[in-house]
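Q: The structure that follows is given in the form of C-alpha cells.
The numbers here are math on the coordinates, done by the rules we state, and not lab data. Every value quoted in this text rests on a predicted model; they were computed, and no experiment measured them. Here Cβ is always computed from backbone atoms with ideal geometry, including for glycine, and neighbour counts include all displayed protein chains.
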Amino acid sequence: MFGCLVAGRLVQTAAQQVAEDKFVFDLPDYESINHVVVFMLGTIPFPEGMGGSVYFSYPDSNGMPVWQLLGFVTNGKPSAIFKISGLKSGEGSQHPFGAMNIVQTPSVAQIGISVELLDSLAQQTPVGNAAVSSVDSFTQAQMTPSPSEMFIPANVVLKWYENFQRRLAQNPLFWKT
C-alpha cells in the first residue's frame, strides 16, 4: 500500500503492519538522512473519506521513541517529500503510535503511517520545520518540444526496464556480451 524512499538507498515497499490501520518503515542510520519520500504504491487506494498521517520517530537519549507529525498522503495527494534533517532534536507531538509496542533500536528511526479520517487529517498541524516539499507535475501541454531534444514515452521506458529485469534474472552477466 505504501512506499518509502531515501536518497542513495533502495526503495522500501514492505511496511511493517503494527495494527489494522498503522504501518511503519525502519530507517537505519537515520542521522545521515535529510529527506524522506512517502508514497502510495497505487495497488490499494485509501477507503473513501480516509487518508494517512505520516509521522517520523527517532530514539531520544533514553532510547524512547519521539514521534513527530510530518504531514499526510491521500488518494488525491499520493506522495510527499519531507525534510527531516532538522527534526532529530525537536519535541515530540501527539501521535497514534503511543500504545503500540514497536521495537526501536539506537540509530534506527521510523516512518509511521496512520490511516485516519480526512476530516481529522485536516485538523492536524505538522511539526513546523518538516517543510513538506512539493513538486509541480507537468502536463503534456506544458512540454514544448525543441528540435534538439527527444521525448520518450514513459511506457516505453517501463517496458525496457521490465525486459532488462527479466534478462538480468535469467542471466546476470548478459550485459557483458
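Q: Between residue 27 and residues 5 or more places away or on another chain, which pairs have amide H atoms under 5 Å apart, with H built 1.01 Å from N, and which residues are they?
A: For residue 27, whose amide H was placed from the backbone, the distant partners under 5 Å are 109, 110, 111.
Q: Evaluate the Debye formula for the range 1-78 with equal point scatterers sitting on the alpha carbons, no solvent, and hand back log10 of I(q)/I(0) at q = 0.21, 0.23 Å⁻¹, in q order, two decimals.
A: Each listed q corresponds, in turn, to -1.08, -1.26.
Q: Give me the one-decimal nm value for the distance between modelled label points at residue 167 and residue 108, 7 Å along each residue's Cα-to-Cβ direction.
A: Calculated label separation equals 3.9 nm.
Q: Could you state, as a whole-number percent, how many of the C-alpha pairs of the range 36-86 are farther apart than 15 Å?
A: Numbers: 665 of 1275 pairs.
Tail of the P(r) past 15 Å holds 52 percent of the pairs.
Q: Another one. What's the local net charge at residue 159, with K and R +1, D and E -1, over the other residues with C-beta under 13 Å away?
A: +1
Q: Between residue 175 and residue 118, take the C-beta separation as r, use R0 = 41 Å, and let me know the FRET efficiency to the nearest 0.05.
A: For residue 175 and residue 118, the calculated efficiency is 0.30.
Q: Under 12 Å from the Cβ of residue 49, count the other residues' Cβ atoms, weight Lys and Arg +1, Asp and Glu -1, and hand me the total.
A: On the way: positive: none; negative: 48, 116, 119.
My count for the surroundings of residue 49 gives -3.
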